[in-house]
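Down below is the structure, laid out as structure tokens.
The values are calculated or read from the model by the stated rules, or taken from the named source; none is laboratory data. Since we're looking at a predicted model, the values are computed, not measured. Cβ sites come from the backbone with ideal geometry, for glycine too, and all protein chains shown count toward neighbours. Quick note on the areas: whole protein, heavy atoms, side chains included, nothing else; ligands and nucleic acids left out. Shrake-Rupley method; radii C 1.70, N 1.55, O 1.52, S 1.80 Å.
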Amino acid sequence: MSGTTDRMVQALLLEEPREHAPAFALEEAPEGWWFSDGGRRIAFLHRESLAFDPFEFSPFQNLGREAKAHPCYDMGTRIFMHLSMMTGIGSIFSRRKKIVMLDWRVAPHEIQLQVVQTHPDGAGAESLLTVGYRSEREAYSYDLKVELAEPEPPARREFCNVYVQGLGDGIPSGKRYQYTIWEGHDGRLWKMAQNPCHSFGIRKGGQLLKHLARRGFLGFGVEDDANPVVLFHEANVPLLSATCDMWHDEHLSFTAPGLESWEGGRAVQRAHVELINLPAAAMRPLLDEASPIPIDEVELEKAVPALHWNRTSTMDEALDPRLPYACMVFVPNHDRVVEISPAGGEPGYEWRYRERCGKLAAWSRDEGRGGSGCLQLQGLSEQRVAWLAVGQAFHVAPSRRYRFSAWVRTTGRARAVLRVANIWGNFYEISVQQATEPRRCDNWEELHVEVTTTDYPYLEVWLEVTGDGLASFDDLFIGEAT
């Protein structure tokens, strides 16, 4: 245990802890399993994804989360957070090409769940979750041990995903936590502001890796009642974590093991982690001590403007990626967010597998209304070109009406479209969507479209153009319809 993690543990200890005799029980439901203590629900395990969602950390504290399994159980609809029980062989939340066995051991003082994964290629994994009680902390203990063995290990293998509800909420009123904080492999404390301009705008994919101290920590702060921290008690190989560019969840991962970690013809990787709720009084000094990740002037040139929630978004100035901010962004010159499909097509699950060309999307600093900035999308003959907003998702309420609008100007044969969809499943499944009719706008003209939501939790928006020419978009609005 490092000096910092030792400080964290010491901050949890109480001089005169109150007495509590846990009475743990397990309740099975169609959606999964509820963990309870003395009849009070404290955690949930989702049946399909095997994502463990603890939402209470002490019998003497109520964090006020609604103990309900949403029918669209996804990143933004966790009760509080999750630790994934499935290691990332194949897809971390998919059981395809896997044999998965669950072994429960339930006692009043402790609940254990062992998840065993086996794969046709000889790879296998075991995860052991232990839910208990630490009387000296007046706190529940959530402990996870993982062992992964495979004959051909990759350079990085995810063993647990950590997500807290609200990390990826693009609505400022709903956003929780502003920084990810961790202890690096060099023993230094680091912090990263949660901002889509950073995680999707100036850095992408492998540029969002963190090298972690083997006995260090990674967590989120700072909130008055709950600051989730993962403590790393043991690991036989170096650890790193990859930040999700959209949700800001953390993909805790093993690095490739060395020769000393082979057993029976397979590389073996092991880790032992514990989830705690660090008091705000202990988290704030750590954030003050932590160094911000370096972002230089060259990278600042790649910054992009914000798509704000519930107010007009001018395209004049870029976000500062060094500061926390909740929003979405349109990222120019990024192949992942611009799709090309036959004219008349609609976005859906397959959007990211179609032909893509980021060079068709640009941010102009001086061609908007009145010489301001604007977004520009180049059209192609007989093709639909769509630009997807990315970053932190706009998490919305069911049965509400929302509006997406923009001022638009087109050239040539280009016809512009605004599209809004009520969506979930990492933006791949659409319940309902609405779009404007394709329209030529020789002069600046305001277009708008509205949608009434179902129980799906997110809104997504696209800027689109059909036909040769250029479409410019300025003064965008996404929010409640009035």
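Extension gain, Ser372 to Thr452, is 25.6 nm, computed as 0.36 nm per intervening residue step minus the present C-alpha separation. Return, ordered by residue number, the residues of the stretch 386-414 whose backbone nitrogen is under 17 Å from a label point located 7 Å along Cα→Cβ of Glu437. Hits in the stretch 386-414 for Glu437 at 17 Å: 414. Between Arg7 and Glu263, the contour length at 0.36 nm per residue exceeds the Cα-Cα span by 88.6 nm.
The phi-based Karplus calculation (6.51 cos²θ - 1.76 cosθ + 1.60; θ = phi - 60°) puts the 3J(HN,Hα) values of the stretch 236-248 at 8, 9, x, 10, 8, 9, 10, 7, 5, 5, 9, 9, 6 Hz, whole numbers, x for Gly and Pro. Please give the calculated 222 nm ellipticity per residue for the chain, where each DSSP H segment of at least 4 residues contributes -39500 (n - 2.57) and the sum is spread over every residue; nearest 500 deg cm²/dmol? So the helix-based figure for the chain works out to -1500 deg cm²/dmol.
Determine the alpha carbon to alpha carbon distance for each of Lys68/Lys210; Lys98/Lys359; Lys68/Lys145; Lys145/Lys210; Lys98/Lys175 and list only those over 31 Å. The pairs that break the limit, which is 31 Å between Cα atoms, are Lys68/Lys210; Lys98/Lys359; Lys98/Lys175. Judged by the mean number of other Cβ atoms found within 10 Å, the most tightly packed of the peptides 217-223, 107-113 leads the ranking 217-223, 107-113.
Close amide-amide hydrogen proximity is noted between Tyr458 and Val396, Ile423, each under 5 Å apart and 5 or more residues distant or on a separate chain (H modeled in the peptide plane; Pro and chain starts excluded). By a 1.4 Å probe calculation restricted to protein chains, Lys68 has an accessible surface near 110 Å², given to the nearest 10.
The charge dipole of the chain, taken about its Cα centre with unit charges on the Cβ atoms of Lys, Arg (+1), Asp and Glu (-1) only, comes to about 660 debye. With a cut-off of 12 Å on the backbone N, the residues of the stretch 395-418 near the modelled label site 7 Å out from Trp444 along Cα-Cβ are 407-409. Residues in the stretch 277-317, backbone N under 18 Å from the label point at Asn333 (7 Å along the Cα-to-beta-carbon vector): list them, ranges by number please. Backbone N within reach: 296-306, 316-317. Gain on full extension, evaluated as 0.36 nm per residue between Asp288 and Arg188 minus their Cα-Cα distance, stands at 34.7 nm. When Rg and Dmax are taken over the Cα atoms of the stretch 27-118, they come to 13.6, 43 Å.
The figure for Lys191 is an accessible area of roughly 40 square angstrom, using a 1.4 Å probe on the protein chains alone.
Look at the alpha carbon pairs under 8 Å that are at least 6 residues apart: their mean separation over the length of the chain gives a relative contact order of 13 percent. In the chain, a dipole from Cβ-located charges (positive for Lys and Arg, negative for Asp and Glu) runs towards its positive end, and of Leu476, Ala326, Leu463 it is Leu463 whose Cα lies farthest in that direction. Rg and Dmax of the stretch 154-240, both derived from C-alpha coordinates alone, stand at 13.7, 41 Å. The Rg/Rh ratio of the stretch 330-465, with both radii computed over alpha carbons and Rh defined as the Kirkwood radius, is 0.95. Karplus-derived 3J(HN,Hα) values for the stretch 119-135, using 6.51 cos²θ - 1.76 cosθ + 1.60 with θ = phi - 60°, are 10, x, 7, x, 6, x, 8, 10, 10, 10, 9, 10, 10, x, 9, 10, 5 Hz; glycine and proline are entered as x. In this structure, the amide hydrogen of Arg176, modeled 1.01 Å from its nitrogen in the peptide plane, lies closer than 5 angstrom to those of Leu167, Asp169, counting only residues at least 5 positions away or on a different chain.
Put simply, the convex hull of the Cα atoms in the stretch 173-220 casts, on average, a shadow of 3.9 nm².
Estimated from the Cβ-Cβ distance and a Förster radius of 35 angstrom, the FRET efficiency linking Glu429 and Asp103 is about 0.65.
Counting only protein chain heavy atoms and rolling a 1.4 Å probe, the accessible areas of Met101, Met85 rank, largest first, as Met101, Met85.
Residues whose amide H lies under 5 Å from that of Tyr133, counting only those 5 or more places away or on a different chain, are Ser141; hydrogens are built 1.01 Å from N in the peptide plane. Ligands, DNA and RNA are left out, and with a 1.4 angstrom probe the accessible area of the stretch 1-69 is 51 Å² per residue. Among the GluC sites (Glu not before Pro) within the stretch 359-455, those in coil by DSSP and having at most 13 neighbouring Cβ atoms inside 10 Å are Glu382. Multiplying each eigenvalue of the alpha-carbon gyration tensor of the stretch 157-297 by 5 and taking the square root yields semi-axes of 26, 17, 14 Å, largest first, rounded to whole angstroms. Could you give me D for the stretch 4-81, from Stokes-Einstein at 4 °C and 1.567 mPa s, where the hydrodynamic radius is the Kirkwood radius over C-alpha pairs? Units µm² s⁻¹, please. Rounded to a whole number, D works out at 91 µm²/s.
Between the beta carbons of Ser364 and Arg400, assuming R0 = 41 Å, the FRET efficiency works out to 0.75 to the nearest 0.05. For the stretch 444-452, putting each phi into the Karplus relation 6.51 cos²θ - 1.76 cosθ + 1.60 with θ = phi - 60° gives couplings of 4, 9, 8, 10, 8, 8, 10, 9, 9 Hz, in residue order, rounded to whole numbers and with x for Gly and Pro. Classification of the stretch 84-235 by its C-alpha gyration tensor yields an oblate form. The axis ratio a/c (a ≥ b ≥ c) is 1.5 or more, and b/c is at least a/b.
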